[in-house]
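Comments concern the structure below.
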Amino acid sequence: MKLSVAAVQMESKNRDYEGNRKRAEGYILEAVENGAKLISLPEFALIGYLYEDSIWNEAEPLRGRTYQWLNELCNKYKVYIATCILEKDKKDFFDTFILCGPDDRLWFHRKIEPASYEAFYFKGAGVNPNTFNTPIGKIGIAICFDTSKTYSIKSLIKDRPGLVLLLFSYPSLPSFSLERDINNWVETHKNIPTIYAKCLKVPVVSCNKTGKFSTSLPLSFGIKYKSDFVDYSAIVDSNGNVVSVISNRPGVICTEVELGDENYVPGNIISEGRWYLPYTFFTRFTTEYTQKIGKIRYKFSRKRKKASLID
């Protein structure tokens with residue numbers, strides 16, 4: 001079965017939901033005009049990306065403003081559109097993937113664990129279904145740094161999707177990082193769609209943001225994290241060949257792919273360890289350490305509890 005897919009790489013500005021939505025809609029319409037039936041936006045495409053308490057102001061329920069907007073587009077153009085929202089569910093916040101389709105259809109998956117400083121601002125949901133049967137095929141999903149862990153790839157191997165979506169808000173490491181770590185970080189990101197495609201023997205649609213990244217760091221006395229997003233998005237076929245790519249600019253790429261064989265069983269053995277991707281020791285250590293501190297702060301934060309009560 002063949003499917004026309006699109007990946008959107010866009011600039012996603014902080015505290016500019018409406019501006020981001022308008023930019024995203026322009027790319028969605030371009031993808032529709034090029035025949036795409038499945039369109040993927042980056043992680044947090046509409047709310048930006050911050051390590052600051054103000055990110056809670058952008059949270060919404062699962063069927064909130066973003067779902068309502070995407071639902072209207074899907075019904076109008078008979079397409080399927082994916083992104084991630086900051087979901088507010090009772091007293092907690094989650095990074096939640098949503099896939100909307102015609103006839104008011106909705107599939108969702110919550111990020112399994114927050115990456116690094118993200119743990120200060122939302123909770124991981126633990127392993128939860130990341131493959132969905134849809135009218136256009138069996139779709140698998142992994143959100144950003146979840147791709148680095150064995151639990152994500154093992155879950156996809158178990159449930160056998162015909163295509164995988166990878167959604168990122170993936171800035172480069174800050175300039176005070178070691179050069180070898182920065183280079184490894186960038187190269188690993190660029191290789192992720194090919195690594196997943198070769199392992200699963202399915203096409204992969206990977207999309208990230210473009211532009212500048214700047215945020216305060218929690219508990220850092222005003223230290224700023226400044227870098228650029230690793231603006232590389234790609235569509236890869238089931239053999240791991242990059243068939244379409246966009247880099248160093250915003251835009252949309254579209255192509256037709258052959259869905260993978262859902263009965264294929266990967267021959268390579270996945271490590272029993274925690275890490276799947278080849279990040280450096282420093283990257284692994286720092287992301288794990290900041291995640292642990294963030295989880296503690298999130299759990300006891302009065303600001304977080306107050307923000308969860310605001311409609």
Failed item, numbered, when Val79 is tested on (1) surrounded by fewer than 20 Cβ atoms within 10 Å (Cβ to Cβ); (2) over 28 Å from Asp311 (Cβ atoms): (1)
Unique match (being closer than 16 Å to Tyr298 by Cβ, modelled with pLDDT of 95 or more and assigned to a strand (DSSP E or B)) among Leu106, Leu86, Leu99: Leu86
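From the list Lys2, Lys13, Lys91, Lys76, pick out the single residue that is of a type in the set (Lys, Arg) and in contact with a Gly (Cβ under 9 Å, 6 or more places away or on another chain).
Values: Lys2 fails: in contact with a Gly (Cβ under 9 Å, 6 or more places away or on another chain); Lys91 fails: in contact with a Gly (Cβ under 9 Å, 6 or more places away or on another chain); Lys76 fails: in contact with a Gly (Cβ under 9 Å, 6 or more places away or on another chain).
Only one candidate qualifies: Lys13.
In this structure, is Asn14 part of a helix (DSSP H, G or I) and over 15 Å from the mean Cα position of the chain (by Cα)?
Working: part of a helix (DSSP H, G or I): no; over 15 Å from the mean Cα position of the chain (by Cα): yes.
Against the criterion (part of a helix (DSSP H, G or I) and over 15 Å from the mean Cα position of the chain (by Cα)), Asn14 does not qualify.
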Single residue of Ile85, Ile136, Ile143 found to be touching a Lys or Arg at 6+ places or on another chain (Cβ under 8 Å) and within 30 Å of Leu217 (Cβ to Cβ): Ile143
Single match in Pro161, Pro114 (criterion: farther than 29 Å from Phe300 by Cα, assigned to a loop (DSSP other than H, G, I, E, B) and in contact (Cβ under 8 Å) with a residue 40 or more places away in the chain): Pro161
Verdict on Ser271 being in contact with a strand residue (DSSP E or B) (Cβ under 6 Å, 6 or more places away or on another chain) and of a type outside the set (A, V, I, L, M): no
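In this structure, does Ile55 turn out to be farther than 24 Å from Ile235 by Cα and of a type in the set (Val, Ile, Thr)?
Working: farther than 24 Å from Ile235 by Cα: yes; of a type in the set (Val, Ile, Thr): yes.
In short, yes.
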From Ile293, Ile235, residue being over 21 Å from the mean Cα position of the chain (by Cα) and surrounded by 14 or more Cβ atoms within 10 Å (Cβ to Cβ): Ile293
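Among the strands (runs of 3 or more DSSP E) lying completely within region 179-259, list those that include at least 1 residues that are among the charged types (D, E, K, R). Reasoning before the result, please.
On the way: elements: 204-207, 212-216, 224-228, 232-236, 242-247, 251-258.
By residue number, 212-216, 224-228, 251-258.
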Counted residues, region 117-135 - those being touching a Gly at 6+ places or on another chain (Cβ under 8 Å), buried (at least 19 other Cβ atoms within 10 Å of the Cβ) and not aromatic (Phe, Trp, Tyr): 4
Of all residues making up region 199-226, the number that are surrounded by 18 or more Cβ atoms within 10 Å (Cβ to Cβ) and free of Cβ contacts under 8 Å to residues at least 60 places away in the same chain: 1
In region 220-255, the residues that are touching a helix residue (DSSP H, G or I) at 6+ places or on another chain (Cβ under 7 Å) and under 21 Å from Ser177 (Cβ atoms): Val230, Tyr232
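Test of understanding: among Pro266, Pro250, Pro278, which residue is exposed (fewer than 14 other Cβ atoms within 10 Å of the Cβ) and under 24 Å from Leu165 (Cβ atoms)?
Working: Pro266 fails: exposed (fewer than 14 other Cβ atoms within 10 Å of the Cβ); Pro250 fails: exposed (fewer than 14 other Cβ atoms within 10 Å of the Cβ).
Exactly one of Pro266, Pro250, Pro278 is exposed (fewer than 14 other Cβ atoms within 10 Å of the Cβ) and under 24 Å from Leu165 (Cβ atoms), namely Pro278.
For Thr150, state whether it is surrounded by fewer than 17 Cβ atoms within 10 Å (Cβ to Cβ) and among the β-branched types (Val, Ile, Thr). Don't jump to the end; show me each part of the working.
On the way: surrounded by fewer than 17 Cβ atoms within 10 Å (Cβ to Cβ): yes; among the β-branched types (Val, Ile, Thr): yes.
So Thr150 passes the test.
The values are calculated or read from the model by the stated rules, or taken from the named source; none is laboratory data. A quick note: this is a predicted structure, and the numbers were derived from the prediction, not measured. So basically every Cβ, Gly included, is an ideal-geometry build from the backbone, and we count neighbours across all protein chains shown.
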